[in-house]
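Visitor: Quick one: structure below, then a few questions.
What follows is calculated from the coordinates using simple rules that are stated; it is not laboratory data. Just so we're clear, the structure is a prediction, and the values are computed from it rather than from any experiment. Note that we place each Cβ from the backbone using ideal geometry, even for glycine, and neighbour counts take in every protein chain shown.
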Amino acid sequence: MTLDELEATVRARLQRPLPGAAAQWRFAPTPALKGWSPDLVPETARRAAALILLYPGADGPSLPLTERRSDLPHHPGQISLPSGAIDPGESAEAAALREAEEEIGIDPARVRVIGPLSSLWVVVSNFVVEPFVAVHDGKPEFRPEPREVETVIEAPVRTILDPATLQWSRQSRLGIVVDYPHFDVGGHLVWGATAMMLGEFAALFDSDHSPPLRTFGGNE
């Protein structure tokens, strides 16, 4: 699929109801924290925005992910979309573009925003994130912000849409063993909120897109 074909497909699909929380839940860690649901919007939550930026990459249409510095106070070392808090008086779309410029040097004037995906409550940081899908016609000249971004990872869209890249891992969280689905993007594990946003993006193309059945379970 070319970038033009991808853009046309996404534009048409965004005219219909979004996959929403049903798709986000498939990519959420389990067991989920008590009282959490991806579609909740608590009054105490802060607002943030993220950008899924489609561009012509070496392996077909791609999108940039960032590997966060390991010494950051929030989500250190994790793989993320360009994202950040919405400033007072700023629209979510403007914030998504600003954060992409600040984090990886994307010129907002060269970006076409196609439309939003569903918001996502990230309970650990108490942000409700509003993701946007956008297009950059040429391959961007990425300039990572060294205080925040360790490196930029170029993720081919076909990798995100390929069920074979979906796997399960587990870790301990607050003393509880948690199983979490993730995308394997060139050896980088993409999980948590980023996986849930990309999971909804993938569901635009295949409504049943989901991780495989777990081969382990419970708190074993």
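Visitor: Compute the Cα gyration tensor for the range 150-196, then decide on rounded, prolate or oblate, letting a ≥ b ≥ c be the square roots of its eigenvalues: rounded whenever a/c is under 1.5, prolate when a/b is larger than b/c in the other cases, and oblate in all that remain. Please report the intermediate quantities before stating the final value.
Guide: Details: a/c = 2.73, a/b = 1.71, b/c = 1.59.
In terms of gyration-tensor shape, prolate.
Visitor: Taking amide H positions as placed in the peptide plane 1.01 Å from N, state which residues far from Val133 in sequence (5 or more) or on other chains have amide H under 5 Å from it.
Guide: Amide H neighbours of Val133: Ile52, Ile114, Gly115, Leu117.
Visitor: With a 10 Å radius around each residue's Cβ, average the other Cβ atoms per peptide and rank 119-130, 171-182, highest first. Each step should come with its number before you reach the end.
Guide: Details: 119-130: 19.8, 171-182: 13.8.
By packing density, highest mean first, the sequence is 119-130, 171-182.
Visitor: Enter the per residue convex hull volume of the range 3-203, computed from alpha-carbon coordinates, in Å³ rounded to the nearest integer. The partial results should precede the final answer.
Guide: Details: hull volume 25.0 nm³, N = 201.
Expressed per residue, the convex hull around the Cα atoms of the range 3-203 is 124 Å³.
Visitor: Mind checking which of Ala22, Phe127, Pro64 is farthest towards the positive end of the chain's charge dipole, using Cβ charges of +1 (Lys, Arg) and -1 (Asp, Glu) about the Cα centre?
Guide: Looking along the dipole axis, the top candidate is Ala22.
Visitor: Same structure again: Please work out how much length the chain gains when fully extended from Glu67 to Val177, using 0.36 nm per residue of separation minus the C-alpha to C-alpha distance, in nm with one decimal. Can you show the working numbers first?
Guide: On the way: separation 110, 0.36 × 110 = 39.60 nm, distance 2.43 nm.
Going from the current span to full extension adds 37.2 nm.
Visitor: Here is a follow-up. In deg cm²/dmol and to the nearest 500, what is the mean residue ellipticity at 222 nm of the chain if only DSSP H runs of at least 4 residues count, each as -39500 (n - 2.57), divided by the residue total? Don't jump to the answer; show the numbers that get you there.
Guide: Details: 5 runs with 47 residues, N = 220.
Helix contribution divided over all residues of the chain: -6000 deg cm²/dmol.
Visitor: Here is a further query. Run the quick spin-label model on Glu141 and Glu5: label points 7 Å from Cα toward the beta carbon, then report their separation in nm to one decimal.
Guide: 3.1 nm
Visitor: Same structure again: When the chain is fully extended, how far beyond the present Cα-Cα distance does Ser169 get from Arg214, taking 0.36 nm per residue of separation?
Guide: Working: separation 45, 0.36 × 45 = 16.20 nm, distance 0.92 nm.
Separation in residues times 0.36 nm, less the Cα-Cα distance, equals 15.3 nm.
Visitor: Follow-up question, since we're still on this one. Across the range 139-152, in residue order, what do the Karplus-derived ³J(HN,Hα) couplings come to in whole Hz, using 6.51 cos²θ - 1.76 cosθ + 1.60 with θ = phi - 60° and x for Gly and Pro?
Guide: Working through the residues one at a time gives 5, x, 8, 5, 10, x, 6, x, 7, 10, 10, 6, 7, 9 Hz.
Visitor: Something else: At 7 Å along the Cα-to-beta-carbon direction for both Leu14 and Ala94, put a label point, then send me their distance in nm to one decimal.
Guide: 1.9 nm
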